[in-house]
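**Student:** Structure in structure tokens, see below.
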Amino acid sequence: MATTSFTRKSIGADPTEPALTPPSVSDTQTTFAKKPKVVGAAKSRKRDIPEGLWTKCPKCETMIFDKELDENAKVCPKCQHHFPIGARERIHSLVETCTFEEIDAEMTSVDVLGFTGVGTYTSKLTAYKKSTMLKDAVLTGFGKVGAHKLGLGVMDFSFLGGSMGSVVGEKLTRLIERATEKCLPVVIISSSGGARMYEGMFSLMQMAKTSAALAYHAKARLPYISVLTHPTTAGVMASYASLGDLILAEPGAMIGFAGPRVIKDTTQAELPPGFQTSEFLLDHGLIDAIVPRKEMKERLVGYLDFLTLRQQNGAVATAA
Ligand SMILES: [Zn+2]
């Protein structure tokens, strides 16, 4: 297993604004994280802490041994802060061993618009492919969670802010369409800054495409569970992420359409405390449940048991 893609450390500096504008040079440099910046690397004060062994929790400021953090599904053992987790690592934590078969693994984005901003789109794609060991911002495939075979799509924020371009949209659409053909449930775990502006209108079209595929999936009366993780915003939240029969979220995740700063500037109003967090949205009825990462698999199995009851009964009735 390629463990190299999981070594990126977070010190709580995740960008929280939707990626509707090109990342600035400084953002890009930090996100590339060729050599993860580790707390304790500062020469003057913490010279005695070996590099790459500890991560500081941004919420409770506890220094956590990296191995302990990895073993705890990247959740702070003291305050339960959920650190970012890579797509492969998440799939590994959810599906039964050796049951996941990835689809469309070789699909890669092309620079249809010849986009040039701070850097060219092509150069960014090359850099992110190298730093994340991923081909794009989503992994899709079929696997088993408990006894349930399902279509699973998992986004990875470390690839261009998890932005949705043509490849993310197409891979998810194919996943949903194949799941519909096979009469299987779909689970999509989102983590995204929104549509990929390097692809302009082509990225916005993915919102309609994925939503349409989900409409056919729903018409076939098959369950779709959407799991929102930190952060899920903009075009992704405005399409497939908010269309689940059940919408779950990880604790403390930032979820919304526009970022809080944009809303505050536009409305000129003070935003309520905890605005756009999972907890706030649960209180206001936008999501159905907050599920800690370590309980996610068990809870998904429970929900799928319930949601596929009709199919199971139908199968029994047909067999009888
Ligand atoms: Zn903590």
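**Student:** Can you tell which of Thr120, Thr97, Thr108, Thr140 is among the hydroxyl-bearing types (Ser, Thr, Tyr), away from the ligand (no atom under 16 Å from the Cβ) and modelled with pLDDT of 95 or more?
**Tutor:** When all the criteria are applied, what remains is Thr140.
**Student:** If I filter region 294-304 for residues that are modelled with pLDDT of 95 or more, in a loop (DSSP other than H, G, I, E, B) and either of a type in the set (S, T, N, Q) or in contact with a helix residue (DSSP H, G or I) (Cβ under 8 Å, 6 or more places away or on another chain) (or both), do I get at least one hit?
**Tutor:** Taking every residue of region 294-304 in turn, none turns out to be modelled with pLDDT of 95 or more, in a loop (DSSP other than H, G, I, E, B) and either of a type in the set (S, T, N, Q) or in contact with a helix residue (DSSP H, G or I) (Cβ under 8 Å, 6 or more places away or on another chain) (or both).
**Student:** Are there any pairs with C-beta distances below 8 angstrom linking a residue in region 56-67 that is within 11 Å of Phe83 (Cβ to Cβ) to a residue that is of a type in the set (D, E, K, R) and modelled with pLDDT under 95, with the two at least 6 apart or on different chains, and if so which?
**Tutor:** Listed by first residue and then by second, the contacts come to Cys57/Lys78; Ile64/Lys56; Ile64/Lys78; Asp66/Lys9.
**Student:** Continuing with the same structure: Kindly list, by first and then second residue, each pair from a residue in region 240-264 that is in contact (Cβ under 8 Å) with a residue 40 or more places away in the chain to a residue that is in a helix (DSSP H, G or I) and aromatic (Phe, Trp, Tyr), limited to pairs with Cβ atoms under 7 Å and residues at least 6 apart or on different chains.
**Tutor:** Leu246/Tyr303
**Student:** Moving to a separate point now. Mind checking which residues of region 60-77 are of a type outside the set (Val, Ile, Thr) and touching a strand residue (DSSP E or B) at 6+ places or on another chain (Cβ under 8 Å)?
**Tutor:** Met63, Phe65, Asp66, Leu69, Lys74, Cys76, Pro77
**Student:** Let me ask something else about it. Can you tell me which residues in region 71-98 are farther than 27 Å from Leu304 by Cα and out of contact with any Cys (no Cβ under 7 Å at 6 or more places or on another chain)?
**Tutor:** Hit for region 71-98 is Pro77, nothing else.
**Student:** Looking at Leu134 and the list (1) in contact (Cβ under 8 Å) with a residue 60 or more places away in the chain; (2) out of contact with any Asp or Glu (no Cβ under 8 Å at 6 or more places or on another chain); (3) farther than 21 Å from Gly235 by Cα; (4) not polar (S, T, N, Q), which single condition is not satisfied?
**Tutor:** Among (1) in contact (Cβ under 8 Å) with a residue 60 or more places away in the chain; (2) out of contact with any Asp or Glu (no Cβ under 8 Å at 6 or more places or on another chain); (3) farther than 21 Å from Gly235 by Cα; (4) not polar (S, T, N, Q), the lone unmet condition for Leu134 is (2).
**Student:** Scan region 178-213 for residues that are surrounded by fewer than 22 Cβ atoms within 10 Å (Cβ to Cβ) and basic (Lys, Arg) and jot them down.
**Tutor:** Arg178, Lys182, Lys209
**Student:** Also: Out of the residues in region 66-83 that are buried (at least 19 other Cβ atoms within 10 Å of the Cβ) and closer than 17 Å to Pro231 by Cα, state the one that is nearest to the ligand (Cβ to nearest atom).
**Tutor:** By that ranking, first place goes to His81.
**Student:** Of all residues in region 163-178 being under 14 Å from Ala215 (Cα atoms) and of a type outside the set (Asp, Glu), which is farthest from the chain's Cα centre (by Cα)?
**Tutor:** Arg178
**Student:** If you don't mind, another one. Considering Glu96, Glu102, which residue is among the acidic types (Asp, Glu) and under 18 Å from the mean Cα position of the chain (by Cα)?
**Tutor:** Going through Glu96, Glu102 in turn, the sole match is Glu102.
**Student:** Let me ask something additional. Every residue in region 134-179 that is assigned to a helix (DSSP H, G or I) and farther than 22 Å from Gln311 by Cα, please.
**Tutor:** Leu160, Gly161, Gly162, Ser166, Val167, Val168, Gly169, Glu170, Lys171, Leu172, Thr173, Arg174
**Student:** Out of the residues in region 115-128 meeting the condition of being assigned to a helix (DSSP H, G or I) and without any contact (Cβ under 8 Å) to a residue 12 or more places away in the chain, tell me which one is surrounded by the most Cβ atoms within 10 Å (Cβ to Cβ).
**Tutor:** Selected residue: Thr122.
**Student:** Further question: Would you be able to tell me the number of residues in region 240-274 that are within 18 Å of Ser192 (Cα to Cα) and part of a loop (DSSP other than H, G, I, E, B)?
**Tutor:** Count: 9.
**Student:** Please verify whether region 207-224 includes one or more residues that are under 20 Å from Leu94 (Cβ atoms), touching a strand residue (DSSP E or B) at 6+ places or on another chain (Cβ under 8 Å) and part of a strand (DSSP E or B).
**Tutor:** yes
**Student:** Another one. Kindly establish whether Glu102 is surrounded by 13 or more Cβ atoms within 10 Å (Cβ to Cβ) and touching a residue at least 40 places away in the same chain (Cβ under 8 Å).
**Tutor:** Criteria not met by Glu102.
The values are calculated or read from the model by the stated rules, or taken from the named source; none is laboratory data. Since the model is a prediction, treat every value here as computed from it, not as a measurement. Note: ideal-geometry Cβ built from the backbone for every residue, glycine included; neighbour counts use all protein chains shown.
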